[in-house]
Amino acid sequence: PRVTFIQADGREDVVDVADDTSVMQSAMDNLVPGIIADCGGELTCATCHVYVDDQSPFQPPTAEEADMLECAVDPEPESRLSCQLNLRGETSTVVRVPASQL
Ligand code: FES
């Protein structure tokens, strides 16, 4: 799988990761800035917030993710928590990192 991270200042990081890696873990492993992930993927922090314009590769948010997204800074309809976005196979995705996390 491949993830493209786009920062609010235009920086782009393209990373290739192993199957069953979350978008959040992909950022951690590749030192991509802006994904803070305070809780380490436990769905209790909302600091792994990203915007995903094309969510077709992913399951819709669970009720728990939707609840935690209400705590995110500057939420938009395309907001997701990147620790809940699992990458498999040929998945290729583009996520935008909120300006508030730069
Ligand atoms: Fe904390 Fe995703 S890392 S909610």
Taking segment 56-98 and keeping only residues that are within 18 Å of residue 14 (Cβ to Cβ) and among the small types (Gly, Ala, Ser), one is left with 82, 89, 92
Can you report the number of residues in segment 61-98 which are in a loop (DSSP other than H, G, I, E, B) and of a type outside the set (Val, Ile, Thr)? 14
Within segment 53-68, residues touching a helix residue (DSSP H, G or I) at 6+ places or on another chain (Cβ under 8 Å) and surrounded by 18 or more Cβ atoms within 10 Å (Cβ to Cβ) come out as 65
Of the criteria (1) within 15 Å of the ligand (Cβ to nearest atom); (2) touching a residue at least 24 places away in the same chain (Cβ under 8 Å); (3) touching a strand residue (DSSP E or B) at 6+ places or on another chain (Cβ under 8 Å); (4) not hydrophobic (A, V, I, L, M, F, W, C), which one residue 47 fails: (3)
In this structure, is residue 39 under 18 Å from residue 1 (Cβ atoms) and within 12 Å of the ligand (Cβ to nearest atom)? no
Per the filter on segment 1-43, residues surrounded by fewer than 16 Cβ atoms within 10 Å (Cβ to Cβ), among the acidic types (Asp, Glu) and under 21 Å from residue 91 (Cα atoms) are 12, 16, 19, 20, 29
Looking only at segment 57-91, which residues are hydroxyl-bearing (Ser, Thr, Tyr) and either within 20 Å of residue 39 (Cβ to Cβ) or at pLDDT 95 or above (or both)? 62, 79, 82
For segment 77-102, how many residues meet the condition of being without any contact (Cβ under 8 Å) to a residue 60 or more places away in the chain and loosely packed, with under 13 Cβ neighbours inside 10 Å? 2
Pairs with Cβ under 8 Å, 6+ apart, first in segment 59-72 and within 24 Å of residue 91 (Cβ to Cβ) and without any contact (Cβ under 8 Å) to a residue 60 or more places away in the chain, second among the hydroxyl-bearing types (Ser, Thr, Tyr) and surrounded by fewer than 17 Cβ atoms within 10 Å (Cβ to Cβ): 68/44
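The values are calculated or read from the model by the stated rules, or taken from the named source; none is laboratory data. Note that the coordinates shown come from a computational prediction; the quantities given were computed from them, not determined experimentally. Here Cβ is always computed from backbone atoms with ideal geometry, including for glycine, and neighbour counts include all displayed protein chains.
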